[in-house]
Each structure stands twice: as structure tokens, then as C-alpha cells.
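Report on the following structure.
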Amino acid sequence: MNSLDKFDCAILAALQADATLSISGLSEKVGLSSTPCWKRVKRLEEEGYIESRVSIVNRAKVGLPVTVFVSVRTSEHDEKWLERFASAVIALPEVLEFHRMSGDVDYLLKVVTTDIEGYDRFYKKLIKCAQLTGVSSAFSMEQIKSTTSLPLELISHGMPA
């Protein structure tokens, strides 16, 4: 159970939209004076609610327009194998997300790259990481929605829903 109230959620929502807000700008947005707002931000950072503050870079403008969702299947499911595989995959810079899944797919990777040839180079690195039963790639044709903002409005803030 989280211990977030409506002010904490308002702070998190505002920072998700614009992490460059000054404390005075943030306090205005959420309806608190600067000192209590600053204290809440510090607490949210210390308690791990705010993991980091980043800038979102336009993939296409920097030359990484291709997104590929890579499904990985394996017959290996022991902890040592997973540690080796996870370490190797985490080290691949093309991998933005890496999930262990339920169902028919064991792992799902979100990969960005330059083009088809760039993906082929990535694929060859991936299959060297570990013994895999199958690798399936789905190329994103169009990104329809992308957000890093969590839907904080779903949280009840300690009040009955």
C-alpha cells in the first residue's frame, strides 16, 4: 500500500509532465507553498517514488527510428541461466525494456535501432548471449501512443473509491 496523498500525486503528475519545473513553479501548480512542496519532493525521492529525472529524446531525429518487439523462448529456466542471460541482454544498448513474461513467450524485449541491418547486427549479438529455443521479431509500423507518465488518477489517495 502506498502512502501518497493528493498533493504527492499532484507533484508526481506535474513532474512526469515536466521534470524541469522549479520548486516555485511546482508549488504553484499543486497549491502548496515552496517549503512544504520542496520537502515533499525530497521525501518522494528518498522513498523511491521518484527514481530519476530525464529528458525524452526523439528517436527518429537522432537516427534510431526502428522499434522492434522481440519475443524470446528458451527451454532453460534455472536461476544461473537467467542471471547470465539477463546480464548479457542488459548490456546490449539497443534494449530499452526487458521483461520476463508469463504465457508462451519467456522474455520480451523492446529494441530500438537504426534500420533493418542494425536489427540484424543486434539479432546476431542476442543469439550469442545464450541458448535460445526461439526468437520472434515484430517491427513497429507506427507508434500510436507513447508515454512515460503513470496514470496516477487511478490511485485512491487513502480515500474510499
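The values are calculated or read from the model by the stated rules, or taken from the named source; none is laboratory data. Predicted model only: the values in this text are computed from it and were never measured. Backbone-built Cβ (ideal geometry, glycine too); neighbour counts: all protein chains shown. Quick note on the areas: whole protein, heavy atoms, side chains included, nothing else; ligands and nucleic acids left out. Shrake-Rupley method; radii C 1.70, N 1.55, O 1.52, S 1.80 Å.
Farthest towards the positive end of the charge dipole of region 11-149, among the residues GLY31, ILE56, ALA14, is the Cα of GLY31, using unit charges on the Cβ of Lys, Arg, Asp and Glu.
Calculate the FRET efficiency for ARG59 and MET101 from the Cβ-Cβ distance with a Förster distance of 25 Å, rounded to the nearest 0.05. Provide the component values of the computation, followed by the final result.
Working: r = 24 Å, r/R0 = 0.95.
Once rounded, the FRET efficiency stands at 0.55.
Along its first, second and third principal axes, ordered by size, region 93-155 spans 43, 28, 20 Å in Cα coordinates.
Backbone N atoms of region 37-71 closer than 17 Å to the 7 Å Cα→Cβ label point of GLU142 belong to residues 66-67. Couplings for region 8-18, taken from phi via the Karplus curve 6.51 cos²θ - 1.76 cosθ + 1.60 with θ = phi - 60°, read 4, 5, 5, 4, 4, 4, 5, 6, 5, 7, 7 Hz in order; Gly and Pro are left as x. FRET efficiency for SER24 and GLU153, Cβ-Cβ distance as r, R0 = 25 Å, nearest 0.05? The calculated FRET efficiency here is 0.50. Dividing the convex hull volume of the alpha carbon atoms of region 38-100 by its residue count gives 133 Å³ per residue. Excluding ligands, DNA and RNA, the accessible surface per residue across region 1-42 is 57 Å² with a 1.4 Å probe. Hey, if you put +1 on the Cβ of every Lys and Arg and -1 on every Asp and Glu Cβ in region 53-138, which of LEU92, GLN131, HIS77 ends up farthest toward the positive end of that dipole? The Cα lying farthest towards the positive end belongs to LEU92. A straight line joining the Cα centroids of region 1-30 and region 50-91 runs 29 Å.
Here region 1-87 is treated as an ellipsoid with the same Cα gyration tensor; its semi-axes, largest first and in whole Å, are 37, 21, 10.
Can you run the Rg to Rh ratio on the chain? Use alpha carbon positions and the Kirkwood inverse-distance Rh.
Working: Rg = 20.2 Å, Rh = 18.8 Å.
On the Cα set of the chain, Rg over Rh gives 1.07.
Return one whole number: the accessible area per residue of region 59-111 in Å², for a 1.4 Å probe.
Details: 3340 Å² over 53 residues.
Counting only protein heavy atoms, the per-residue value for region 59-111 is 63 Å².
Approximating the spin labels as points 7 Å out from Cα along Cα→Cβ, the ALA17-to-GLU46 distance works out to 2.8 nm. The lysines whose alpha-carbon is closer than 24 Å to the alpha-carbon of LYS39, local same-chain residues fewer than 8 away aside, are LYS6, LYS29.
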